[in-house]
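Notes follow once the structure below has been shown.
The values are calculated or read from the model by the stated rules, or taken from the named source; none is laboratory data. All values reported here derive from a predicted model rather than from experimental measurement. Every residue, glycine as well, gets a Cβ built from its backbone with ideal geometry; the counts of neighbours run over all protein chains shown.
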Amino acid sequence: MHFRFITFILLLFLFSCTHEPKKETPVETKPERVIVVPTFNADTAYACVKDQVDFGPRIPLTKAHADCEKYLTAQLSKYADGVIVQKGIVTTFDEKKIECKNIIAQFNPQQKRRVLLCAHWDTRPWSDSDTARKNEPFDGASDGASGVAVLMEIARHLKESKPAIGIDIIMLDMEDYGQPNEGPMQRKEDTYALGTQYWAKNPHVPNYYAEYGILLDMVGAKSATFLQERYSMHYAASVVTKVWNTANQIGYSDYFLFRDGGYVTDDHYYINTIANIPCIDIIQQDSATKSGFGSYHHTHADNMSIIDANTLKAVGQTLLQVIYSE
């Protein structure tokens, strides 16, 4: 009887040991990263378009050009950690030597990871795609001023809420002083984007490099559509995908279309081929027009009457989402 009792106690002990519940080690969970993206103010951007147009056509060597340069430099100086006005002499298609002024604003200059944002701020000296008054300049509300205005509003937010990366904003000069599209002299691509070509060969920082670049051109017209331009897809397809996916995710699928836009030799082409920075072009394209761009392109119709705050908002909010998600 005593033996049975001892055996029973041993079995009970073994059973209780083998069935002792395991203690679970608590797993530390990291809180999800919350991305706070500023709200793009389309009214402020619209006002900036008007400010530029009010100077008159920003043609190099004119008072309007000089006044606008002072305005842009002063505004960017309020927001950026540093502003550089890069001056250089370029040669136009008609053999004129003209000083170009690229306005460069730096944000978080100590950061090695950098993104480049750019637009051109000059306007074309002629309305050579119009049916009348071809030799007279036009306002350049969308073709020039709209991209600058979007970047200026982004600069304001970069001042108020610094992103995790470095940003460089370049307002490029002498983009539209290219050989005319019609007449005895047919368009030659390399006669355009002269300020960009100069900067790409003479960057404002030695050995400057950005992970990618985004160019804005004609981003202010009502109901504008932005197609996936082919040079952008060739050199920076992943950036195109990132931007277009972002735009569609936040509600701007009517503007950013997943359609082939054909090749456009714009400022981004030289940023890709000379500076070797993957750069895309957000540019209005329209297959229904002769130019392939908005119907106002290089005509007197490019004035404030075509500018729409909703288009500015679509582009600006998309860029802010991309920047603050890095």
- Query: Can you tell which of K50, K30 is closer than 30 Å to G251 by Cα and modelled with pLDDT under 90?
  - Reply: K30
- Message: Just to check your reading of the model, which residue among I9, I35, I84 is modelled with pLDDT under 95 and within 24 Å of the chain's Cα centre (by Cα)?
- Response: I35
- Close pairs from the range 81-99: first closer than 15 Å to Q197 by Cβ and free of Cβ contacts under 8 Å to residues at least 40 places away in the same chain, partner part of a strand (DSSP E or B) and among the hydroxyl-bearing types (S, T, Y), Cβ under 7 Å, at least 6 apart: K97/T91
- Considering R156, R124, which residue is charged (D, E, K, R), within 23 Å of K313 (Cα to Cα) and modelled with pLDDT of 95 or more? R156
- Task: Test each condition in (1) in contact with a Cys (Cβ under 6 Å, 6 or more places away or on another chain); (2) on the phi > 0 side of the Ramachandran plot for V90 and report the one that comes out false.
- Result: (2)
- Message: For the range 132-154, give me the residue count where each residue is of a type in the set (S, T, N, Q) and without any contact (Cβ under 8 Å) to a residue 60 or more places away in the chain.
- Response: 1
- Query: Can you pull out the residues in the range 228-287 that are within 23 Å of W121 (Cα to Cα) and acidic (D, E)?
  - Reply: E229, D266, D267, D281, D286
- Report whether or not Y324 is touching a residue at least 60 places away in the same chain (Cβ under 8 Å), farther than 30 Å from N135 by Cβ and touching a Pro at 6+ places or on another chain (Cβ under 6 Å). yes
- Picked from the range 73-116 (must be outside any loop (DSSP other than H, G, I, E, B) and among the basic types (K, R)), the residue farthest from I59 (Cα to Cα) is R114
- Task: Mind counting the residues in the range 298-324 that are part of a helix (DSSP H, G or I) and either surrounded by 22 or more Cβ atoms within 10 Å (Cβ to Cβ) or not hydroxyl-bearing (S, T, Y) (or both)?
- Result: 17
- Task: Identify all residues within the range 36-46 that are surrounded by 15 or more Cβ atoms within 10 Å (Cβ to Cβ) and either assigned to a loop (DSSP other than H, G, I, E, B) or free of Cβ contacts under 8 Å to residues at least 60 places away in the same chain (or both); write none if there are none.
- Result: V37, P38, F40, N41
- Note: among S287, S295, just one is without any contact (Cβ under 8 Å) to a residue 60 or more places away in the chain, within 20 Å of W244 (Cα to Cα) and surrounded by fewer than 20 Cβ atoms within 10 Å (Cβ to Cβ), namely S287
- Task: Give the residue, chosen from I277, I271, that is farther than 17 Å from S146 by Cβ, within 16 Å of the chain's Cα centre (by Cα) and assigned to a loop (DSSP other than H, G, I, E, B).
- Result: I277
- Run F258 past the list (1) aromatic (F, W, Y); (2) assigned to a loop (DSSP other than H, G, I, E, B); (3) surrounded by fewer than 15 Cβ atoms within 10 Å (Cβ to Cβ) and report the number of the one that doesn't hold. (2)
- Message: I'm trying to understand the selection: among the residues of the range 72-91, which are more than 23 Å from K162 (Cα to Cα), surrounded by 17 or more Cβ atoms within 10 Å (Cβ to Cβ) and not aliphatic (A, V, I, L, M)?
- Response: Q86, G88
- Query: When you scan the range 207-223, how many residues do you find that are within 16 Å of the chain's Cα centre (by Cα) and under 30 Å from M304 (Cβ atoms)?
  - Reply: 8
- Item | Test for T196: is it crowded, with 20+ Cβ neighbours inside 10 Å, modelled with pLDDT of 95 or more, out of contact with any Pro (no Cβ under 8 Å at 6 or more places or on another chain) and polar (S, T, N, Q) | yes
- Query: In the range 130-138, is there at least one residue being touching a Lys or Arg at 6+ places or on another chain (Cβ under 8 Å), at pLDDT 95 or above, surrounded by 21 or more Cβ atoms within 10 Å (Cβ to Cβ) and assigned to a strand (DSSP E or B)?
  - Reply: no
